[in-house]
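Let me begin by presenting the structure, written as structure tokens, before commenting on it.
The values are calculated or read from the model by the stated rules, or taken from the named source; none is laboratory data. Here the structure is a predicted model, which means the values were calculated and not measured. Every residue, glycine as well, gets a Cβ built from its backbone with ideal geometry; the counts of neighbours run over all protein chains shown.
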Amino acid sequence: MTDAVQTIEDMKKKIQDNWGWFLLLGIALVIGGLILIAAPLATSVAVTILIAAVLFVGGLVQIYNAFKTQGTAHFIWNLLTGVIAVIGGLVIYFNPLAGTFALTLVIAAIFAAQGISQILLAFKLKPHEGWLWVLIAGIVSLAAGIMIWLDLPSSAAWALGLIAGISVLVNGWSYIAIALAARASKG
């Protein structure tokens, strides 16, 4: 048996032996996702503050790294990028609603761009089976981006929180599915 097959078998055995914990994790994530969806503004602000913290800490590390590489051609760019990240993190932290608005705008643009990209890809794949699913995914993504964009600024109150909640909810369902499949195969 190859190492990859052995690793997969080991993982499968661990999941089967601990299916109850996977089920509990899945249930907790589903409940958490529902809470996030139920309070989208609070979730949106929380996500924004987390991103602010990541920008701030990442910027500080980048500034430190810039001084470690002083004298190289990349020094000024590393320093400048770090300073911008720190300032951006602070601005978002001290005004999370403006940060939430900005992040919502970015999310709308990403959804729209991804949708257009998927639609174009679907037409390139058209003779192949499954191309219609790529087209549908592209249309849904484009529509989501347009809906968020057209509802600005009020979509800033719900978009990030809803997206985070749905993500957590779907992850929870995936753990529940894995747990139940492992329980069934354990016999």
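When each of Ile110, Ile139, Ile116, Ile146 is tested for being over 30 Å from Ala52 (Cβ atoms) and either assigned to a helix (DSSP H, G or I) or in contact (Cβ under 8 Å) with a residue 12 or more places away in the chain (or both), the lone residue that passes is Ile139.
Does Ala108 satisfy being surrounded by fewer than 16 Cβ atoms within 10 Å (Cβ to Cβ) and under 30 Å from Trp158 (Cα atoms)? Judged against the criteria, Ala108 is not a match.
Yes/no matrix, rows are residues, columns are (1) under 21 Å from Ala38 (Cβ atoms); (2) in a helix (DSSP H, G or I):
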{"position": "Val83", "(1), (2)": "no, yes"}
{"position": "Phe101", "(1), (2)": "no, yes"}
{"position": "His128", "(1), (2)": "no, no"}
{"position": "Leu135", "(1), (2)": "no, yes"}
{"position": "Ser167", "(1), (2)": "yes, yes"}
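Of Ala73, Ala66, all but one fail to be more than 18 Å from the chain's Cα centre (by Cα) and part of a helix (DSSP H, G or I); the exception is Ala66.
The listed residues are Ala159, Ala182, and the only one of them that is in contact (Cβ under 8 Å) with a residue 60 or more places away in the chain and over 17 Å from the mean Cα position of the chain (by Cα) turns out to be Ala182. Against the test of being at negative phi, surrounded by fewer than 18 Cβ atoms within 10 Å (Cβ to Cβ) and not in a loop (DSSP other than H, G, I, E, B), the options Leu25, Leu36, Leu55 yield a single qualifying residue, Leu25.
Per the listing Ile166, Ile148, Ile176, the residue uniquely surrounded by 13 or more Cβ atoms within 10 Å (Cβ to Cβ), modelled with pLDDT of 90 or more and over 19 Å from the mean Cα position of the chain (by Cα) is Ile176. All conditions in (1) under 22 Å from Ala144 (Cβ atoms); (2) surrounded by 15 or more Cβ atoms within 10 Å (Cβ to Cβ); (3) among the hydroxyl-bearing types (Ser, Thr, Tyr) hold for Ser117, with the sole exception of (2). If you check Ile15, Ile49, Ile35 for being in contact (Cβ under 8 Å) with a residue 24 or more places away in the chain and over 22 Å from the mean Cα position of the chain (by Cα), only one passes: Ile15.
One residue stands out among those in segment 126-136 that are modelled with pLDDT under 90 and either surrounded by 15 or more Cβ atoms within 10 Å (Cβ to Cβ) or on the phi > 0 side of the Ramachandran plot (or both): the one that is nearest to the chain's Cα centre (by Cα), which is Val134. For segment 57-78, give me each residue that is farther than 21 Å from Tyr93 by Cα and of a type in the set (A, V, I, L, M, F, W, C). Hits for segment 57-78 are Ala66, Phe67, Ala73, Phe75, Ile76, Trp77.
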